[in-house]
1. Going through the stretch 196-234 one residue at a time, which ones are more than 25 Å from E158 (Cα to Cα) and touching a His at 6+ places or on another chain (Cβ under 6 Å)?
2. Quick one: would you say I206 is of a type outside the set (D, E), touching a helix residue (DSSP H, G or I) at 6+ places or on another chain (Cβ under 6 Å) and open to solvent by less than 10 Å² (accessible area, probe 1.4 Å)?
3. For residues in the stretch 179-199 being assigned to a loop (DSSP other than H, G, I, E, B) and open to solvent by 100 Å² or more (accessible area, probe 1.4 Å), which is nearest to the ligand (Cβ to nearest atom)?
4. Can you name the strands (runs of 3 or more DSSP E) wholly within the stretch 209-300 that have at least 3 residues being open to solvent by less than 40 Å² (accessible area, probe 1.4 Å) and over 27 Å from A181 (Cα atoms)?
5. Mind checking which strands (runs of 3 or more DSSP E) fall wholly inside the stretch 71-158 and carry at least 1 residues that are within 15 Å of the ligand (Cβ to nearest atom)?
6. Could you tell me whether any residue of the stretch 211-229 is within 16 Å of the ligand (Cβ to nearest atom), in contact with a helix residue (DSSP H, G or I) (Cβ under 7 Å, 6 or more places away or on another chain) and either under 30 Å from I108 (Cβ atoms) or at pLDDT 95 or above (or both)?
7. Can you pull out the residues in the stretch 132-161 that are more than 19 Å from E229 (Cβ to Cβ), among the hydrophobic types (A, V, I, L, M, F, W, C) and in contact with a Ser or Thr (Cβ under 7 Å, 6 or more places away or on another chain)?
8. Which pairs do you get when a residue that is touching a residue at least 40 places away in the same chain (Cβ under 8 Å), found in the stretch 151-163, comes within reach of a residue that is among the basic types (K, R) and near the ligand (Cβ under 6 Å from one of its atoms), reach meaning Cβ atoms under 7 angstrom, with the pair 6+ apart or on two chains?
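The values are calculated or read from the model by the stated rules, or taken from the named source; none is laboratory data. Quick caveat, the model's predicted, so the values are computed rather than measured. In this analysis, Cβ positions are derived from the backbone assuming ideal geometry, glycine residues included, and neighbour counts consider all displayed protein chains. Surface areas here come from the heavy atoms of the whole protein model, side chains and all, with no ligands, DNA or RNA. Shrake-Rupley method; radii C 1.70, N 1.55, O 1.52, S 1.80 Å.
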Amino acid sequence: MPLKKKVTILGSGSAGLTAAIYAARASLQPLVIQGLQAGGQLTITTEVENFPGFPNGILGPTLMEEMQKQAERFGTEFIYDNAKSVDLSKRPFKVETSSEEILTDTLIICTGANAKLLGLESESKLMGHGVSACATCDGFFFKDKVVFVIGGGDTAMEEAVFLTRFAKSVTLVHRRDSFRASKIMVDRAKQTPKVKFLLDTVVEEIRDVGKGEVTSIVVKNIKTNKVEELPADGVFVAIGHRPNTDLFKGQIELNENGYIVTNGVKTSITGVFAAGDVQDEVYKQAITAAGTGCAAALEAQWFLEKEEHAQPQGKINTKKAEAVLHE
Ligand code: NDP
(Lines give C-alpha, C1' and ligand atoms only; values in the text may rest on other atoms or scores of the structure.)
Protein backbone atom coordinates (compact mmCIF):
# COMPACT_ATOMS: atom_id res chain seq x y z
CA MET A 1 0.00 0.00 0.00
CA PRO A 2 1.45 3.40 -0.90
CA LEU A 3 1.88 5.96 1.85
CA LYS A 4 -0.45 8.92 1.36
CA LYS A 5 0.78 12.35 2.41
CA LYS A 6 -0.34 15.94 2.06
CA VAL A 7 3.21 17.27 2.01
CA THR A 8 6.36 15.37 1.08
CA ILE A 9 9.74 17.05 1.30
CA LEU A 10 12.74 15.74 -0.59
CA GLY A 11 15.97 16.54 1.22
CA SER A 12 16.93 17.26 4.81
CA GLY A 13 19.31 20.19 4.63
CA SER A 14 18.45 23.56 6.04
CA ALA A 15 15.70 24.14 3.42
CA GLY A 16 14.05 20.74 3.84
CA LEU A 17 14.06 20.77 7.63
CA THR A 18 12.75 24.32 7.84
CA ALA A 19 9.97 23.39 5.41
CA ALA A 20 9.25 20.38 7.67
CA ILE A 21 9.06 22.53 10.82
CA TYR A 22 6.57 24.90 9.19
CA ALA A 23 4.46 22.18 7.55
CA ALA A 24 4.41 20.13 10.76
CA ARG A 25 3.35 23.13 12.84
CA ALA A 26 0.52 23.63 10.33
CA SER A 27 -0.62 20.06 11.25
CA LEU A 28 0.20 18.73 7.78
CA GLN A 29 2.22 15.74 9.13
CA PRO A 30 4.92 16.12 6.48
CA LEU A 31 7.15 13.32 5.34
CA VAL A 32 10.83 14.08 4.79
CA ILE A 33 12.79 11.78 2.53
CA GLN A 34 16.15 12.61 3.96
CA GLY A 35 18.52 11.45 1.28
CA LEU A 36 21.59 9.46 2.14
CA GLN A 37 23.55 12.58 3.09
CA ALA A 38 21.03 13.40 5.81
CA GLY A 39 21.38 16.97 7.02
CA GLY A 40 22.82 18.20 3.73
CA GLN A 41 25.95 20.22 3.16
CA LEU A 42 26.21 21.61 6.69
CA THR A 43 27.04 18.14 7.91
CA ILE A 44 30.38 18.35 6.10
CA THR A 45 31.35 21.67 7.63
CA THR A 46 32.70 22.33 11.08
CA GLU A 47 31.94 25.65 12.77
CA VAL A 48 29.02 27.75 11.44
CA GLU A 49 29.30 31.34 12.61
CA ASN A 50 26.83 33.10 10.32
CA PHE A 51 23.58 31.36 11.22
CA PRO A 52 21.65 33.89 13.32
CA GLY A 53 20.91 32.92 16.90
CA PHE A 54 24.26 31.34 17.73
CA PRO A 55 26.54 34.15 18.90
CA ASN A 56 29.33 31.69 19.68
CA GLY A 57 28.85 29.66 16.49
CA ILE A 58 27.54 26.12 16.23
CA LEU A 59 28.91 23.00 14.58
CA GLY A 60 27.20 22.32 11.23
CA PRO A 61 26.18 18.74 12.13
CA THR A 62 24.81 19.91 15.51
CA LEU A 63 22.74 22.63 13.86
CA MET A 64 21.18 20.07 11.54
CA GLU A 65 20.49 17.61 14.38
CA GLU A 66 18.72 20.38 16.30
CA MET A 67 16.64 21.31 13.24
CA GLN A 68 15.66 17.69 12.80
CA LYS A 69 14.62 17.38 16.45
CA GLN A 70 12.53 20.53 16.05
CA ALA A 71 10.80 19.07 12.98
CA GLU A 72 10.23 15.74 14.81
CA ARG A 73 8.75 17.53 17.80
CA PHE A 74 5.83 18.73 15.69
CA GLY A 75 5.18 15.37 14.05
CA THR A 76 7.38 15.16 10.96
CA GLU A 77 8.01 11.63 9.70
CA PHE A 78 11.42 10.79 8.26
CA ILE A 79 12.57 8.16 5.80
CA TYR A 80 16.33 7.72 5.65
CA ASP A 81 16.67 6.89 1.96
CA ASN A 82 17.07 8.54 -1.43
CA ALA A 83 14.10 9.09 -3.70
CA LYS A 84 14.67 6.72 -6.63
CA SER A 85 12.05 8.17 -8.94
CA VAL A 86 9.32 10.78 -9.02
CA ASP A 87 6.28 11.09 -11.25
CA LEU A 88 5.13 14.69 -11.46
CA SER A 89 2.84 14.14 -14.47
CA LYS A 90 -0.35 14.01 -12.40
CA ARG A 91 -1.59 14.53 -8.88
CA PRO A 92 -1.18 13.05 -6.41
CA PHE A 93 2.51 13.06 -7.26
CA LYS A 94 4.33 9.75 -6.87
CA VAL A 95 7.69 9.34 -5.15
CA GLU A 96 9.48 6.02 -4.87
CA THR A 97 12.30 5.10 -2.53
CA SER A 98 13.92 1.65 -2.42
CA SER A 99 11.26 0.42 0.00
CA GLU A 100 8.28 2.81 -0.16
CA GLU A 101 5.88 4.28 -2.64
CA ILE A 102 4.47 7.65 -1.60
CA LEU A 103 1.51 9.49 -3.09
CA THR A 104 1.59 13.14 -2.14
CA ASP A 105 -0.70 16.11 -2.71
CA THR A 106 2.20 18.55 -2.70
CA LEU A 107 5.94 18.12 -3.09
CA ILE A 108 8.69 20.40 -1.80
CA ILE A 109 12.01 19.78 -3.52
CA CYS A 110 15.02 20.62 -1.35
CA THR A 111 17.61 18.29 -2.83
CA GLY A 112 20.34 20.94 -2.78
CA ALA A 113 23.45 21.35 -4.86
CA ASN A 114 26.87 19.93 -4.22
CA ALA A 115 30.08 21.84 -4.62
CA LYS A 116 32.19 20.18 -7.29
CA LEU A 117 35.45 18.94 -5.87
CA LEU A 118 38.85 18.22 -7.35
CA GLY A 119 38.59 14.56 -6.41
CA LEU A 120 41.81 14.36 -4.37
CA GLU A 121 41.83 12.07 -1.36
CA SER A 122 43.58 14.75 0.71
CA GLU A 123 40.89 17.26 -0.27
CA SER A 124 38.07 15.17 1.16
CA LYS A 125 40.07 14.24 4.27
CA LEU A 126 40.83 17.91 5.04
CA MET A 127 37.38 19.26 4.13
CA GLY A 128 36.32 21.44 7.06
CA HIS A 129 39.90 21.37 8.38
CA GLY A 130 41.45 24.02 6.16
CA VAL A 131 39.76 22.99 2.92
CA SER A 132 36.46 24.69 2.16
CA ALA A 133 34.05 25.09 -0.72
CA CYS A 134 32.51 28.30 0.63
CA ALA A 135 34.49 31.50 1.25
CA THR A 136 31.44 33.32 2.63
CA CYS A 137 31.06 30.60 5.25
CA ASP A 138 34.67 30.04 6.20
CA GLY A 139 36.72 33.08 5.10
CA PHE A 140 36.58 34.56 8.57
CA PHE A 141 38.64 31.67 9.96
CA PHE A 142 41.59 32.64 7.80
CA LYS A 143 42.64 35.97 9.31
CA ASP A 144 46.27 36.74 8.35
CA LYS A 145 46.62 33.32 6.73
CA VAL A 146 47.96 32.16 3.38
CA VAL A 147 45.12 30.83 1.25
CA PHE A 148 44.65 29.43 -2.23
CA VAL A 149 41.50 29.56 -4.34
CA ILE A 150 41.11 26.93 -7.04
CA GLY A 151 39.11 27.74 -10.19
CA GLY A 152 38.84 30.21 -13.02
CA GLY A 153 35.14 31.09 -13.02
CA ASP A 154 33.22 33.99 -11.49
CA THR A 155 32.97 32.21 -8.15
CA ALA A 156 36.74 31.81 -7.91
CA MET A 157 37.26 35.51 -8.75
CA GLU A 158 34.64 36.62 -6.27
CA GLU A 159 35.96 34.38 -3.51
CA ALA A 160 39.57 35.45 -4.12
CA VAL A 161 38.65 39.12 -3.77
CA PHE A 162 36.42 38.44 -0.75
CA LEU A 163 39.16 36.48 1.02
CA THR A 164 41.56 39.45 0.84
CA ARG A 165 39.48 40.96 3.67
CA PHE A 166 40.91 38.35 5.99
CA ALA A 167 43.86 36.55 4.50
CA LYS A 168 47.47 37.74 4.36
CA SER A 169 47.77 36.45 0.79
CA VAL A 170 45.38 34.91 -1.70
CA THR A 171 46.61 32.95 -4.71
CA LEU A 172 44.18 31.88 -7.40
CA VAL A 173 45.20 28.61 -9.02
CA HIS A 174 43.69 27.89 -12.42
CA ARG A 175 44.31 25.02 -14.81
CA ARG A 176 44.42 27.23 -17.93
CA ASP A 177 45.86 30.63 -18.78
CA SER A 178 42.52 32.13 -19.75
CA PHE A 179 39.44 32.44 -17.61
CA ARG A 180 35.85 31.32 -17.83
CA ALA A 181 34.97 34.22 -15.51
CA SER A 182 33.53 37.43 -16.93
CA LYS A 183 36.03 40.16 -17.78
CA ILE A 184 34.74 42.49 -15.09
CA MET A 185 35.31 39.87 -12.39
CA VAL A 186 38.79 39.01 -13.69
CA ASP A 187 39.69 42.70 -13.81
CA ARG A 188 38.47 43.18 -10.26
CA ALA A 189 40.61 40.28 -9.04
CA LYS A 190 43.62 41.52 -11.01
CA GLN A 191 43.22 44.99 -9.53
CA THR A 192 43.15 43.63 -5.98
CA PRO A 193 46.77 43.87 -4.79
CA LYS A 194 46.65 40.87 -2.45
CA VAL A 195 45.45 38.47 -5.18
CA LYS A 196 48.16 36.57 -7.04
CA PHE A 197 47.61 34.19 -9.97
CA LEU A 198 49.11 30.79 -10.60
CA LEU A 199 48.01 29.75 -14.09
CA ASP A 200 48.31 26.56 -16.14
CA THR A 201 48.54 24.90 -12.78
CA VAL A 202 46.73 22.00 -11.12
CA VAL A 203 46.69 20.96 -7.48
CA GLU A 204 48.07 17.46 -7.01
CA GLU A 205 47.85 17.15 -3.25
CA ILE A 206 46.88 19.07 -0.16
CA ARG A 207 49.07 18.41 2.89
CA ASP A 208 49.05 17.47 5.80
CA VAL A 209 46.39 14.81 6.24
CA GLY A 210 48.38 13.25 9.09
CA LYS A 211 48.23 16.48 11.10
CA GLY A 212 44.57 17.06 10.22
CA GLU A 213 45.25 20.58 8.95
CA VAL A 214 46.40 22.33 5.79
CA THR A 215 50.11 23.09 5.81
CA SER A 216 50.93 23.17 2.09
CA ILE A 217 49.75 22.33 -1.41
CA VAL A 218 51.59 20.47 -4.11
CA VAL A 219 51.00 22.03 -7.52
CA LYS A 220 52.09 21.14 -11.03
CA ASN A 221 52.50 23.45 -13.98
CA ILE A 222 50.91 21.55 -16.84
CA LYS A 223 53.04 23.27 -19.49
CA THR A 224 56.43 22.76 -17.85
CA ASN A 225 55.53 19.75 -15.64
CA LYS A 226 57.32 21.52 -12.78
CA VAL A 227 56.02 20.34 -9.41
CA GLU A 228 56.39 22.46 -6.30
CA GLU A 229 55.18 22.50 -2.73
CA LEU A 230 53.83 25.83 -1.49
CA PRO A 231 53.11 26.68 2.15
CA ALA A 232 49.36 27.12 2.75
CA ASP A 233 46.89 27.51 5.59
CA GLY A 234 43.70 27.17 3.59
CA VAL A 235 42.36 25.97 0.24
CA PHE A 236 39.06 27.16 -1.21
CA VAL A 237 37.76 24.94 -3.98
CA ALA A 238 35.64 27.12 -6.27
CA ILE A 239 35.12 25.03 -9.38
CA GLY A 240 31.34 25.23 -9.55
CA HIS A 241 28.28 23.53 -8.11
CA ARG A 242 26.05 20.79 -9.40
CA PRO A 243 22.36 20.94 -8.47
CA ASN A 244 20.80 17.60 -7.54
CA THR A 245 18.08 17.62 -10.16
CA ASP A 246 18.68 14.44 -12.17
CA LEU A 247 15.42 12.97 -10.83
CA PHE A 248 13.36 15.82 -12.25
CA LYS A 249 14.88 16.18 -15.73
CA GLY A 250 12.20 16.27 -18.40
CA GLN A 251 9.44 16.74 -15.80
CA ILE A 252 10.00 20.23 -14.45
CA GLU A 253 11.56 23.37 -15.89
CA LEU A 254 15.30 23.58 -15.25
CA ASN A 255 17.64 26.37 -16.32
CA GLU A 256 20.71 25.91 -18.51
CA ASN A 257 22.83 25.01 -15.47
CA GLY A 258 20.33 22.41 -14.26
CA TYR A 259 18.78 24.44 -11.41
CA ILE A 260 15.00 24.35 -10.90
CA VAL A 261 13.38 27.50 -12.27
CA THR A 262 11.20 29.12 -9.62
CA ASN A 263 8.88 32.04 -9.30
CA GLY A 264 9.28 32.71 -5.59
CA VAL A 265 9.28 29.05 -4.57
CA LYS A 266 6.71 27.91 -7.16
CA THR A 267 8.00 25.64 -9.90
CA SER A 268 6.61 25.06 -13.38
CA ILE A 269 4.28 22.41 -11.88
CA THR A 270 1.33 23.46 -9.75
CA GLY A 271 1.65 21.88 -6.31
CA VAL A 272 5.42 21.36 -6.60
CA PHE A 273 7.62 23.84 -4.77
CA ALA A 274 11.40 24.12 -4.57
CA ALA A 275 13.60 25.64 -1.88
CA GLY A 276 17.26 25.99 -1.04
CA ASP A 277 20.28 25.51 -3.26
CA VAL A 278 18.46 23.35 -5.81
CA GLN A 279 16.87 26.58 -7.08
CA ASP A 280 19.44 29.12 -5.90
CA GLU A 281 22.51 29.81 -7.99
CA VAL A 282 23.31 33.05 -6.24
CA TYR A 283 23.25 33.02 -2.44
CA LYS A 284 23.72 29.34 -1.50
CA GLN A 285 23.61 30.01 2.24
CA ALA A 286 22.05 27.93 5.03
CA ILE A 287 19.95 30.89 6.14
CA THR A 288 18.65 31.69 2.65
CA ALA A 289 17.84 28.00 2.19
CA ALA A 290 15.95 28.03 5.49
CA GLY A 291 14.06 31.14 4.35
CA THR A 292 12.94 29.59 1.10
CA GLY A 293 12.11 26.33 2.94
CA CYS A 294 9.74 28.31 5.15
CA ALA A 295 8.20 30.02 2.10
CA ALA A 296 7.72 26.68 0.32
CA ALA A 297 5.92 25.16 3.32
CA LEU A 298 3.63 28.19 3.57
CA GLU A 299 2.89 28.02 -0.17
CA ALA A 300 2.10 24.30 0.12
CA GLN A 301 -0.17 24.99 3.09
CA TRP A 302 -2.04 27.78 1.27
CA PHE A 303 -2.33 25.65 -1.85
CA LEU A 304 -3.92 22.81 0.14
CA GLU A 305 -6.21 25.21 1.98
CA LYS A 306 -7.47 26.73 -1.29
CA GLU A 307 -8.06 23.27 -2.61
CA GLU A 308 -10.00 22.17 0.44
CA HIS A 309 -12.02 25.35 0.19
CA ALA A 310 -12.85 24.54 -3.42
CA GLN A 311 -13.88 20.98 -2.48
CA PRO A 312 -15.84 21.02 0.79
CA GLN A 313 -15.69 17.21 1.14
CA GLY A 314 -11.94 17.56 1.53
CA LYS A 315 -11.22 15.40 -1.52
CA ILE A 316 -8.74 16.54 -4.10
CA ASN A 317 -10.33 17.94 -7.20
CA THR A 318 -7.36 19.04 -9.23
CA LYS A 319 -9.34 20.88 -11.89
CA LYS A 320 -11.25 22.97 -9.35
CA ALA A 321 -8.09 23.64 -7.37
CA GLU A 322 -6.24 24.81 -10.45
CA ALA A 323 -9.15 27.08 -11.32
CA VAL A 324 -8.93 28.60 -7.83
CA LEU A 325 -5.17 29.00 -8.14
CA HIS A 326 -5.51 30.83 -11.41
CA GLU A 327 -8.35 33.08 -10.31
P1 NDP B 1 31.98 27.81 -13.59
O2 NDP B 1 31.50 26.50 -14.09
O3 NDP B 1 31.65 29.04 -14.33
O4 NDP B 1 33.58 27.77 -13.50
C5 NDP B 1 34.23 26.68 -12.94
C6 NDP B 1 35.74 26.93 -13.03
O7 NDP B 1 36.38 25.86 -12.36
C8 NDP B 1 36.25 26.94 -14.46
O9 NDP B 1 37.25 27.92 -14.59
C10 NDP B 1 36.85 25.55 -14.62
O11 NDP B 1 37.99 25.51 -15.44
C12 NDP B 1 37.30 25.22 -13.23
N13 NDP B 1 37.25 23.79 -13.00
C14 NDP B 1 36.19 22.95 -13.18
N15 NDP B 1 36.51 21.70 -12.84
C16 NDP B 1 37.81 21.74 -12.45
C17 NDP B 1 38.71 20.77 -11.97
N18 NDP B 1 38.37 19.50 -11.83
N19 NDP B 1 39.97 21.15 -11.66
C20 NDP B 1 40.34 22.45 -11.80
N21 NDP B 1 39.53 23.43 -12.22
C22 NDP B 1 38.28 23.07 -12.55
O23 NDP B 1 31.52 27.87 -12.06
P24 NDP B 1 31.34 29.13 -11.09
O25 NDP B 1 30.95 28.58 -9.78
O26 NDP B 1 32.52 30.00 -11.13
O27 NDP B 1 30.09 29.92 -11.70
C28 NDP B 1 28.83 29.29 -11.83
C29 NDP B 1 27.83 30.30 -12.38
O30 NDP B 1 27.55 31.32 -11.42
C31 NDP B 1 28.36 31.03 -13.63
O32 NDP B 1 27.30 31.23 -14.50
C33 NDP B 1 28.85 32.34 -13.06
O34 NDP B 1 28.84 33.38 -14.03
C35 NDP B 1 27.84 32.60 -11.95
N36 NDP B 1 28.41 33.48 -10.91
C37 NDP B 1 28.24 34.82 -11.03
C38 NDP B 1 28.78 35.68 -10.11
C39 NDP B 1 28.58 37.13 -10.24
O40 NDP B 1 28.11 37.56 -11.28
N41 NDP B 1 28.89 37.94 -9.26
C42 NDP B 1 29.55 35.19 -8.94
C43 NDP B 1 29.70 33.76 -8.94
C44 NDP B 1 29.16 32.95 -9.89
P45 NDP B 1 37.87 25.64 -17.04
O46 NDP B 1 37.52 27.06 -17.30
O47 NDP B 1 39.21 25.25 -17.51
O48 NDP B 1 36.80 24.67 -17.46
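1. The answer is G212, and nothing else.
2. So I206 fits the description; yes.
3. The qualifying residue nearest to the ligand (Cβ to nearest atom) is R180.
4. Of the strands (runs of 3 or more DSSP E) lying wholly inside the stretch 209-300, those with at least 3 residues that are open to solvent by less than 40 Å² (accessible area, probe 1.4 Å) and over 27 Å from A181 (Cα atoms) span 272-274.
5. Counting at least 1 such residues, we get 113-115, 146-150.
6. no
7. Across the stretch 132-161, the qualifying residues are C137, V161.
8. Qualifying pairs under 7 Å: G153/R180.
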